[in-house]
Every structure is written in C-alpha cells, then in structure tokens.
Amino acid sequence: MPIMKKVIFKAGIFLLVLCLLSCVVLTGCGKGPAIEEIKDRAVWLIEHSYSANTILFGEGLPVFERNSPVADLLYVYDSADTTQNANYNLVSAATSFRTQAEMMEYLESVYSSAYLASLYPALFTGTVYEFGDGSASVEGARYREEAEGILYQSSQYSPFVTGERIYDYSTMTIVGKSTPKQVKIRLDSYKLGETEEKLPITLTFVFERNAWYLDSPTY
C-alpha cells in the first residue's frame, strides 16, 4: 500500500474512533436501560414528586394566614412586618422545609437540573416579563427567605395543580429511542377519585449526577 494511502487510511480510522468516543461521552448515544433496570428508581422519583409538585405548582407550604385567630394570638405579624410583606405569609413551623436551601435540596433529589433551572426564578427570585411596547411587568418570587429559618410564601399565587395523579406502575413501558442519558417511559394514570378516566402519560428521565432524575412534570 502506498505511503499516502496508509496515512489516509490511518487518519480515517482515527477520526472514526474519535467520532464514536465523542458520541458516547458527549451525547450519550448507545443503548438505554431496560425497564427492569430503571423501574425502581422511576417509581421512587414519581412517588417523591408529589411533595415537590406541591411546592412548585400546588398549594405550597402551610402558613400563618394574616388576620387569622392563630396569627393574632401568636403575634406573628406586627405593623412593620405587615407593611413590608403585605403580599407574603409567614411559613408555619408545621412543615418539613424551613429554608430555601432545604426546599432546593428536596426538589433536586427528584427533578433534573435543567428542568428546575426553568422554574427557580419564579420560585425564589421573581420574574420580569418584557413586552413589545417596551413596558415590563414584575412578578415577585413565590418564596422569600429573610433570614435563616424565616421563610415567607406569596399570598398572590393561585395553585394551578390540584388533586393528585395516580400512576399504574404495572403498565410502565419504554417508548421511543432511549440512550444511556435519556429514557421516556409511558404508563397509565388517573386523577385521584377518577379511576374511570385513565390517561396514558409519557415521562422523561435523564441521567445526571450519577443517577436518574425526572425531566418532566408528573402532575
């Protein structure tokens, strides 16, 4: 074989190997897990997503309602606080989450980093909406922490997720093309108390931080 052909041949092999390695490392191409390999983790994530969904989309945390008998009895709000935080209620001690960090730790044990990144601004920092005419609207964060252990929740937020979706884990099946980094699972579901209205739901899971996480909502 002429020297030039040998060089081209070796260069072609090198590029092919490099391409295959890049595919595996960067895009996670290849065969994804079987349902038996991911089912237990998927069930755990779905079950723990209920509490996460309450924080993200549901009623939120228990609070001391302003002007309620309990709040008045305990002197939860003074006049200065009422002026400063008129649209926020103090989160009650009867909750598993006393700080923003504790909420984030729980949420990040269930949902993927990318999914939560799209929700965190509205949850913890507030959101600015800009319009074509140059005007803007600011929506305050749903939760605000003034000091460690002193957490407030917005009273202006209307939950858009009510009820609980129940999943039939016996119907779990992998659909579409899966990879070692992403898998889609379809399973039957129904709203609590509405067993006759079953709906097939497809949930996306991604592999990151050495484990599988939900990458789509379960409500």
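The values are calculated or read from the model by the stated rules, or taken from the named source; none is laboratory data. Values in this document were obtained by computation on a predicted structure and should not be read as measured data. FYI the Cβ positions are ideal-geometry reconstructions off the backbone, even for glycines, and counts take in every protein chain you see.
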query = Yes or no: residue 175 assigned to a strand (DSSP E or B), of a type in the set (Val, Ile, Thr) and touching a residue at least 12 places away in the same chain (Cβ under 8 Å)?
reply = yes
query = So how many residues does segment 186-203 have that are within 17 Å of the chain's Cα centre (by Cα) and surrounded by 15 or more Cβ atoms within 10 Å (Cβ to Cβ)?
reply = 2
Residue ID - modelled with the lowest pLDDT, chosen from residues in segment 32-79 that are closer than 27 Å to residue 124 by Cβ, aliphatic (A, V, I, L, M) and in a loop (DSSP other than H, G, I, E, B) = 74
ask   = Of all the residues that make up segment 89-122, how many are part of a strand (DSSP E or B) and farther than 19 Å from residue 159 by Cα?
value = 1
key: Residue in segment 142-157 that is more than 18 Å from residue 51 (Cα to Cα), assigned to a strand (DSSP E or B) and among the aliphatic types (A, V, I, L, M) present   = yes
query = Name the pairs: first residue in segment 156-172 and touching a residue at least 24 places away in the same chain (Cβ under 8 Å) and aliphatic (A, V, I, L, M), second residue surrounded by 15 or more Cβ atoms within 10 Å (Cβ to Cβ) and part of a loop (DSSP other than H, G, I, E, B), Cβ to Cβ under 6 Å, at least 6 apart or on different chains?
reply = 161/57; 161/58; 161/219
